[in-house]
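To start, the structure itself, in structure tokens.
The values are calculated or read from the model by the stated rules, or taken from the named source; none is laboratory data. Computed from a predicted model, the values in this text were never measured in an experiment. Cβ atoms come from the backbone with ideal geometry, glycine included; neighbour counts cover every protein chain shown. Note: areas computed on protein heavy atoms with side chains; ligands, DNA, RNA excluded. Shrake-Rupley method; radii C 1.70, N 1.55, O 1.52, S 1.80 Å.
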Amino acid sequence: DLFDLYQHITEPTHQNGNTLDLVITHKHSTVQECIVDEMNLDHSNVLIYLNTQKQKPSYKSIATRKYINI
């Protein structure tokens, strides 16, 4: 709570009933859903759905001149 973090996994992910797999993010993150899926050997699969958008590239203009002309 001190750092506004949130644990998204709320159910056991191990066959013995423990939560071994963690998904911890900021409370206002882009995580839409976390699913603890079927048991695979002794661990469950954890699926994480994120709501993300591709950022537009930023461009930077740099002016230069030849060293000889200085």
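General observations
- Lys, Arg +1 and Asp, Glu -1 on Cβ, resulting dipole of the chain about Cα centre, debye, nearest 20: 1180
- Chain lengthening between LYS66 and LEU22 when straightened (0.36 nm per residue, less Cα-Cα): 10.4 nm
- Taking chymotrypsin sites (Phe, Trp or Tyr not before Pro) as exposed when their DSSP state is a loop state and no more than 11 other Cβ atoms lie within 10 Å, the longest site-free interval of the chain runs over 4-58.
- Residues of the chain: accessible area per residue with a 1.4 Å probe, Å²: 95
- For the chain, the relative contact order works out to 25 percent when only alpha carbon pairs closer than 8 Å and six or more residues apart are counted.
- Relative frequency of Cα-Cα separations exceeding 17 Å in the chain, percent: 62
- Residue (of LEU50, ILE68, HIS14) at the positive-pole extreme of the chain, dipole from beta-carbon charges: ILE68
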